[in-house]
Structure formats: C-alpha cells, structure tokens
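All remarks here apply to the structure that follows.
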Amino acid sequence: MSLTSEMVEDIQVLKLGCPNLDISTYKEISRLFDSLAGGGKAVIFDFSEIRSIDSAGFGAMMMWRQRLRSKGANMMLCSLSAEVDRAFRAVKLHLLFPVHPDRDSAIRSAKQTAGSPSSQTAK
C-alpha cells in the first residue's frame, strides 16, 4: 500500500497504490494522506489502481475533502474504474467530487478552476 505525491506546478497529484480503499486500508492511507496532502491549490486523487471502495473509504474521502477545503484547496478525482465510478454514483458522491476520466484532464481542470472549491463534475 502506498500513496505517492507529485507536484505539477501548484497542483498536487496523489496516486493511491492499492487495489482497495476500504475498512482494511483507509487508516493507513489516511495516515499517509496527513503526511503528504495539502501542498497545492488543488489535490487530485489518481484512482487508477483502486478497484473497490466501501463506506470506510467514502468516509475517509469526506474527511480528506473537509481538510483540504479548510486549507483552501480543491479536491478532484481521476481515473476511476467502472466499479468505483458506479459506487460513487450509487451514493451520490459524484455530486461532491469533481471526477475526471484521466490525470491530464483533471490537471487541466484544476488549472482553470484555481482558488475556488468546486462541486462540478466532469466525466
């Protein structure tokens, strides 16, 4: 399990390196998040390796969103698998998190929406 960070100008891209964001992984990922996140005007979570998410994972994401918003940063998601995308839509969280099909489109969007926490979704 890992969480890697890359800065693209003033946008932070965090890549979750595990197949599940769930009850068995969210505490460790949250610990990593606390040590890495918040270095940019926007934080993009790259979900390309995540294949499933449960209520603990959704809860962690809501907590991360709140922490980033308190720092004035936008939180975006990209590269969701079909299963994870369905799960987000089932619980209507796609309405809170801007979702982009890939990393590049998320970065483009973050550059355009600098400075204002958004609830728009692109996909």
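Results, tabulated for the structure shown:
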{"item": "Projected label distance in nm at Arg69 and Glu83, using a 7 Å step from Cα toward the beta-carbon", "result": "2.9 nm"}
{"item": "Cα centre as origin, Lys/Arg/Asp/Glu Cβ charges: the chain dipole, Debye", "result": "400 debye"}
{"item": "Which label in (i) 22.5, 71; (ii) 22.6, 83; (iii) 12.8, 36 gives the computed Rg and Dmax of the Cα atoms in Å", "result": "(iii)"}
{"item": "Net +/- balance of residues flanking Ala37 in space, Cβ distance below 15 Å, scoring K and R +1, D and E -1", "result": "+2"}
{"item": "Options Ile29, Gly39, Leu93, ranked by Cα towards positive dipole end of the chain, top entry (Cβ charges)", "result": "Leu93"}
{"item": "Candidates Ser48, Ser109, Ser70, ranked by Gaussian network fluctuation over the chain, Cα under 10 Å, top entry", "result": "Ser70"}
{"item": "Förster radius 30 Å - calculated FRET efficiency between Lys111 and Ser24, Cβ distance, rounded to 0.05", "result": "0.30"}
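Coordinate-derived values only; no laboratory data. Remember, predicted model here, so these are calculated numbers, not experimental data. All Cβ positions, glycine included, derive from the backbone under ideal geometry; neighbour counts span all protein chains shown.
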